[in-house]
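Notes follow the structure.
Any read-out appearing in this document is the output of simple, stated calculations on the displayed coordinates, not a laboratory observation. Every value quoted in this text rests on a predicted model; they were computed, and no experiment measured them. All Cβ positions, glycine included, derive from the backbone under ideal geometry; neighbour counts span all protein chains shown.
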Amino acid sequence: MNWQLGTVVELLAETDRTASIVLRVPDWPGHRAGQHVDVRLTAEDGYQAQRSYSIASAPDDGSLMLTVERLDDGEVSSYLVGELRVGDELELRGPIGGYFVWEESFGGPLMLVAGGSGIVPLRAMLRHRLARGSTVPISLLYSARSHHELIYRDELTAAAERPGVDINVTLTRERPDGWHGYDRRIDRDLIAEVTWPPAERPLVYVCGPTAFVETAADAFVSLGHEPGRIRTERFGPTGSEEGSHA
Amino acid sequence: MLDGNAIAGTLDDIFGADMTLAVATCSGCGARGPLAETAVYVRAPGVVVRCRHCDNVLVVVIERGGTYCVDVRGTTDLRSILGP
């Protein structure tokens, strides 16, 4: 897979630590909801650092948007969130990954579970579902530390009004006054409350930090859901050449 | 610890196709599953792919000077369905 240059055409601040980067990539072949790209930075002395970031835009959006969370020790993310400017070029390759993807033909019901910036590829799936006018029932469970760390907050609030779309948020550390959503870390009971019974055979996608994904996936299995219908994607700081997903 | 999704780009470099859906069989315990669901360690020198069930090392990938060295001794069988 060849490296290409993309030009930054728009930057959007999503939260204090998170930004969306809209890129124009000549001859971009299109992507599937849930895929990612590899981004490579090269310093003047030739040192290279590479990370993997989920694509936030839906295939139907006609653009390539990444949403990146700045990590405290992130040598790539701290550049992408803070230093990158409109008009800059980024070296990237993709789209990558055929496992953690959803297409309308896969059907549903579609159960999406996001921890923190694990919302990014799931947002692409939700947007794809809405853009296609699909009637597949969709339920999103989104866990974040606080209200101001919710990415795509307004968009998700609007999406929740659409027919067949159920969105549940749990805030694990800080809640605003009058918060009506969930207020605890995800567990088996919480998942059982927001998902379909195993007999409905939902397709489950879980994305988040490793420990979050393990907890959620184990909960689905213990509730009786088929392991083969649960797809997971883990991310975390790597300090190495590969893999830190947004 | 991550999973096989994180090294999809590297595997594509080596195999020339998406390998996240490829099914690997562990030589340690015989478990079979897609590479996307394996346990992947990227902080090791190179990339280490382990069986999620028995922790056996399935695949090691080291890149040096533009050459990939791939050790697949922990995998008795690796099947990738030809896609479009």
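Of note:
- Trypsin sites (Lys or Arg not before Pro) within region A:135-194, DSSP loop, no more than 11 other Cβ atoms inside 10 Å: A:Arg173, A:Arg184
- Across chain B, C-alpha contacts under 8 Å between residues 6 or more apart give a mean separation that, scaled by the residue count, equals a relative contact order of 28 percent.
- Chain B: C-alpha gyration tensor shape, a/c 1.5 cut-off, then a/b vs b/c: oblate
- Region A:196-226 versus region A:46-63: alpha-carbon centroid distance in Å: 26 Å
- Overall form of region A:1-117 per C-alpha gyration tensor (a/c, 1.5; a/b vs b/c): prolate
- Förster-model FRET efficiency, 30 Å R0, A:Leu223 and A:Asp45, C-beta, rounded to 0.05: 0.05
- Translational diffusion of the protein assembly as shown was estimated from the Stokes-Einstein equation, with Rh taken as the Kirkwood radius over Cα pairs; at 37 °C and 0.692 mPa s the coefficient is 163 µm²/s.
- Evaluated with a Cβ-only charge set (Lys, Arg +1; Asp, Glu -1), the protein assembly as shown carries a dipole of roughly 760 debye about its Cα centre, given to the nearest 20.
- Other residues lying with their Cβ under 11 Å from the Cβ of A:Leu171 contribute a combined charge of +2, Lys and Arg counting +1, Asp and Glu -1.
- Between 0 and 90°, nearest 10: helix A:119-131 axis offset from chain A longest Cα axis: 70 degrees
- Structure-based [θ]222 nm, chain A - -39500 (n - 2.57) summed over DSSP H runs of at least 4, per residue, nearest 500: -5000 deg cm²/dmol
- Region B:1-47 - Rg and Dmax from Cα coordinates, angstrom: 10.7, 28
- Length available on full extension from B:Phe15 to B:Ala31: 0.36 nm per residue minus the Cα-Cα distance, which gives 3.5 nm.
- Spatial separation of Cα centroids for region A:122-167 and region B:1-62, in angstrom: 31 Å
- Distance in nm between pseudo-label sites at A:Glu193 and A:His147 (7 Å out along the Cβ direction from Cα): 1.9 nm
- Neighbours of A:Ser143 by Cβ distance under 10 Å: Lys/Arg scored +1, Asp/Glu scored -1, total +3.
- Using the Cβ-Cβ distance between B:Arg79 and A:Glu91 with R0 set to 30 Å, the FRET efficiency works out to roughly 0.35.
- Unpartnered cysteines - no second Cys beta carbon under 4.7 Å - across chain B: B:Cys69
- Between helix A:210-222 and chain A: long-axis angle, C-alpha atoms, 0 to 90°, nearest 10: 30 degrees
- Pairwise FRET efficiency - A:Ala211 versus A:Asp183, Cβ, R0 = 22 Å, nearest 0.05: 0.70
- Whole-angstrom Cα spans of region A:59-107 along principal axes, big to small: 40, 25, 16
- Region A:131-218 shape via C-alpha gyration tensor axes, a/c threshold 1.5: oblate
- The length gained on full extension between A:Glu83 and A:Leu12, counted as 0.36 nm times the residue separation minus their Cα-Cα distance, comes to 24.3 nm.
- Restricting the GluC sites (Glu not before Pro) of region A:159-238 to loop positions (DSSP other than H, G, I, E, B) with no more than 10 neighbouring Cβ atoms within 10 Å leaves A:Glu161.
- Sparsely packed loop sites in region A:161-235 (the chymotrypsin sites (Phe, Trp or Tyr not before Pro) outside DSSP H, G, I, E and B with at most 16 other Cβ atoms within 10 Å) comprise A:Trp179.
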